[in-house]
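Every number in this text was worked out from the coordinates using simple rules, so none of it is lab data. For clarity, every value in this text was computed on a predicted model and none was experimentally measured. Cβ sites come from the backbone with ideal geometry, for glycine too, and all protein chains shown count toward neighbours.
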Amino acid sequence: MADTQPSPEIVFETFTAFQRTATLKAAVDLDVFTAIGEGTVTPAALATRVGASERGVRSLCDALVVLGLLTKAGSRYGLGPDASVFLDRRSPAYIGTIGRFLTSRWVVECFEHLTEAVRRGGTAVEDQGLLVADHPVWVEFARGMAPLAGMTAAALAGVLDVDHAPPRRVLDIAAGHGLFGITLARHAEQAEVVALDARDVLAVARENAAAARVAGRFRTIEGSAFTADWGTGYDLVLLTNFLHGFDPPTCETLLAKAHQALVPGGRAVAVEFVPDEDRVSPPDAALFSLTMLATTSGGDAYTFAELEAMYRRAGFAAVQLCALPPSPQQAVIGRA
């Protein structure tokens, strides 16, 4: 029988987890991973390269070795496999920018008031948390999360089979960085993408569309998803990373609006963290429920059964759940 003696380890590690976050953030801010990847591998050389003290660099890098992001041989550091792929700026899979959003002062503030959020049953931050029109956090989201979203968007393009069944018109609601619609446009050369979001956020999406060379087929609608005229005639309506911010009746309102915007047989596509029915697995999806409690007044991580019921009440006849590896998120696809 396995040893099940109680240990304080998980308590200690959880109370100090913020220190690990700060360690990674400091290393990204100083671009330590790129410097090591380029061959600057000793504390003295790294200190000169990143503009820091030798003692500081040594202590930081030793901590990163403990965390598994760096390796160490003698006094020389190297990149661990995860850091090499995701934290060296030269890598096409670099995602170091996600900290701009995940550790932003607005997100951190929500979790600093988590006790009160648990008491209330929703965010304890004024003005309903982060879901406020033109909140500056969403520009940080658009700029910081784009590389990670690009990976998920590529997986979604495969699930939707856009290479063989290209959509003609795509509506991207709360588009943010615009990567989901932009990725579909890159796969479907005739597709027109319409992105809806706040003005400052759409500026980032337009930059990304230009960089992807699809700007000629990318237009925008400035405003709120709740009050703006979405138009009609779309083959796809994207609701990526959006439904989880709201309570079920609000989600149904958005899905009904999507249904009205679609051509017959068109699809409404949500990308979500979808926990199993036990609501404690898989871990990323299960923990996301608490993130929504801290940051929104009524949002949640919904099970597929809950999402399917919302889709059906909004008029969708068929709803399916599709994995988006390597992302922990899943696509929820309803056909009009």
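DSSP bridge analysis restricted to region 102-335 gives an antiparallel fraction near 40%, rounded to the nearest 5.
Based on Cα contacts under 8 Å between residues 6+ apart, the chain shows a relative contact order of 13 percent. When the alpha carbon gyration tensor of the chain is reduced to an equivalent ellipsoid, the three semi-axes, largest first, read 37, 25, 19 Å.
In terms of packing, defined here as the mean over residues of other Cβ atoms within 10 angstrom, the peptides 13-21, 261-269 line up highest first as 261-269, 13-21. Relative protection proxy for 98-104, 316-322, from highest mean packing down: 98-104, 316-322 (other beta-carbon atoms within 10 angstrom). Using the Cβ of Gly315 as centre and a radius below 14 Å, the other residues enclosed give a net charge of +3, where K and R count +1 and D and E count -1. In whole percents, the pair-distance distribution calculated for region 136-196 from its alpha-carbon pairs, binned every 10 Å from zero, is 25, 52, 20, 3. Report the net charge of residues surrounding Arg186, where surrounding means a beta-carbon distance below 11 angstrom and charges are Lys +1, Arg +1, Asp -1, Glu -1. That works out to 0. Once you sort the root eigenvalues of the Cα gyration tensor of region 89-221 as a ≥ b ≥ c, which label holds: rounded (a/c under 1.5), prolate (a/b larger than b/c) or oblate (the other case)? Verdict is prolate for region 89-221. Panel values: region 251-320, Kirkwood radius from alpha carbon pairs, Stokes-Einstein at 4 °C and 1.567 mPa s, translational diffusion coefficient 100 µm²/s. Stretched out straight at 0.36 nm per residue, the stretch from Glu13 to Ala212 would grow longer than its current Cα-Cα span by 67.5 nm. Quick one: work out Rg over Rh on the C-alpha atoms of region 201-258, Rh as Kirkwood radius. Taking Rg over the Kirkwood Rh, I get 1.00.
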